[in-house]
Amino acid sequence: MNRTETTDARMSSADRDPRRGLVEAAFAGDAPLESVRDVVAAVIADLDAGHLRVAEPLGPPGEWVTNVWVKQAILLYFRLSSVRDFEAGDLRYRDLLPPKTALEGVRVVPPGVARYGAHLEPGVIVMPGFVNIGARVGAGSMVDTWATVGSCAQIGKGVHLAGGVGIGGVLEPPAANPVIIEDGAFIGSRCVVVEGVIVEREAVLGAGVVLTSTTQIIDVSGSEPITLRGRIPARSVVIPGMRPRQFPAGEFYTPCALIVGTRQESTDRKTSLNDALRTFSVAV
């Protein structure tokens, strides 16, 4: 379950932050915007440093909580910012906020860029791709060439986003859940994952899979199809599919995603991934 609200017994660490009330008041228009300038700047600095995050795992595996007030702080930060010129070596930018400069323990290959307010854990590699504000990329993950990680998306540890992958950003409305890719997942070339979809740990998406909140995800690995939406179960192997749908003009085929099996247990994740790709003939 992906939750945007929690009870006192199941609060995220960010829910207890004393800055939350100040941000919420300013976002609602109950306090002057200028009165929270320093507070908002501190929240974005904490996002950049990894001390705070837009969404956190909570309770059972696969369950996450979205810290709505943190997304509100990002939106306030844009309102408090003005377009300026920035330089990064020989590259020049003109934007509301600078490119990320705290890159200890990570590699960013030119002209790849991560925006200030994104957090990259040690061991992350960003090829010529893009990571937006509020996003978090876990240790040892690869953002491959021309892959994009949208605002507030949460990418786990040991994830490979292959070439041209599009991970959608979700800033507005603030209560909307971000895209979450859990630890060890493999997202194949030119996949698109948007609208708060969760890809659970160690799942494999073959090339070209498109997942939105309404995409039918059909498990065809058993004797009867099982239809899901908004979530890829852990260790699933998924390929693009088509299904018939009746329209006033006739029957046409619309995209879906097919779960064709699961990755086999292995102590070596790379071997397990290769076995999955060979077993189910998944293109990457």
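The values are calculated or read from the model by the stated rules, or taken from the named source; none is laboratory data. Nothing here was measured: the structure is a model prediction, and the numbers come from that model. Because the Cβ atoms are built from the backbone with ideal geometry, glycine has one as well, and the counts that use them run over all protein chains shown.
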Of everything in region 106-136, what is surrounded by fewer than 23 Cβ atoms within 10 Å (Cβ to Cβ), part of a loop (DSSP other than H, G, I, E, B) and either outside the structural domain of residue 168 (by TED's automatic domain parsing) or among the aliphatic types (A, V, I, L, M) (or both)? Give them in sequence order.
106, 109, 127
Where the second residue is of a type in the set (Ser, Thr, Tyr) and buried (at least 24 other Cβ atoms within 10 Å of the Cβ) and the first is closer than 17 Å to residue 212 by Cα and lies in region 180-191, which pairs have Cβ atoms under 9 Å and are six or more apart or on separate chains?
181/141
Search region 210-250 for residues being among the hydrophobic types (A, V, I, L, M, F, W, C) and assigned to a loop (DSSP other than H, G, I, E, B), and hand back the single one that is surrounded by the most Cβ atoms within 10 Å (Cβ to Cβ).
234
Filtering region 151-162 for residues that are farther than 13 Å from residue 187 by Cβ and free of Cβ contacts under 8 Å to residues at least 40 places away in the same chain leaves a count of 1
Quick check on this structure: which one of 113, 109, 131 is under 23 Å from residue 203 (Cβ atoms) and either of a type in the set (A, V, I, L, M) or in contact with a helix residue (DSSP H, G or I) (Cβ under 7 Å, 6 or more places away or on another chain) (or both)?
131
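Matching residues to (1) farther than 30 Å from residue 78 by Cα; (2) modelled with pLDDT of 95 or more; (3) of a type in the set (Gly, Ala, Ser):
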| position | (1), (2), (3) |
| --- | --- |
| 139 | no, yes, yes |
| 147 | no, yes, yes |
| 182 | no, yes, no |
| 194 | no, yes, no |
| 216 | yes, yes, no |
| 225 | yes, yes, no |
So residue 38 fits all but one of (1) of a type in the set (Asp, Glu); (2) in contact with a Pro (Cβ under 9 Å, 6 or more places away or on another chain); (3) part of a helix (DSSP H, G or I); what number is the exception?
(2)
Identify all residues within region 192-209 that are surrounded by fewer than 18 Cβ atoms within 10 Å (Cβ to Cβ) and over 21 Å from residue 253 (Cβ atoms); write none if there are none.
195
Identify the single condition in (1) in contact (Cβ under 8 Å) with a residue 40 or more places away in the chain; (2) in the same structural domain as residue 33 (by TED's automatic domain parsing); (3) not in a strand (DSSP E or B) that residue 60 does not satisfy, given that it satisfies every other one.
(1)
Over 18 Å from residue 148 (Cα atoms) and either touching a Cys at 6+ places or on another chain (Cβ under 7 Å) or at pLDDT 95 or above (or both): which single residue out of 118, 102, 114, 42 fits that description?
42
Quick one: in region 43-72, of everything that is more than 12 Å from residue 117 (Cβ to Cβ) and among the small types (Gly, Ala, Ser), which residue is surrounded by the most Cβ atoms within 10 Å (Cβ to Cβ)?
55
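Can you find even one residue in region 140-148 that is buried (at least 24 other Cβ atoms within 10 Å of the Cβ), more than 19 Å from residue 63 (Cα to Cα) and among the small types (Gly, Ala, Ser)?
yes
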List pairs: first in region 196-207 and on the phi < 0 side of the Ramachandran plot, second in a loop (DSSP other than H, G, I, E, B) and of a type in the set (S, T, N, Q), Cβ under 8 Å, 6+ apart or cross-chain?
197/212; 197/213; 197/215; 207/189
Filtering region 73-93 down to residues that are surrounded by fewer than 11 Cβ atoms within 10 Å (Cβ to Cβ) and part of a strand (DSSP E or B) yields 85, 87, 92
All but one of (1) in a loop (DSSP other than H, G, I, E, B); (2) touching a residue at least 60 places away in the same chain (Cβ under 8 Å); (3) in contact with a Ser or Thr (Cβ under 9 Å, 6 or more places away or on another chain) hold for residue 65, so report the exception by its number.
(1)
Please specify each residue of region 11-39 satisfying the condition of being modelled with pLDDT under 95 and either surrounded by 15 or more Cβ atoms within 10 Å (Cβ to Cβ) or within 21 Å of residue 152 (Cβ to Cβ) (or both).
11, 12, 13, 14, 15, 16, 17
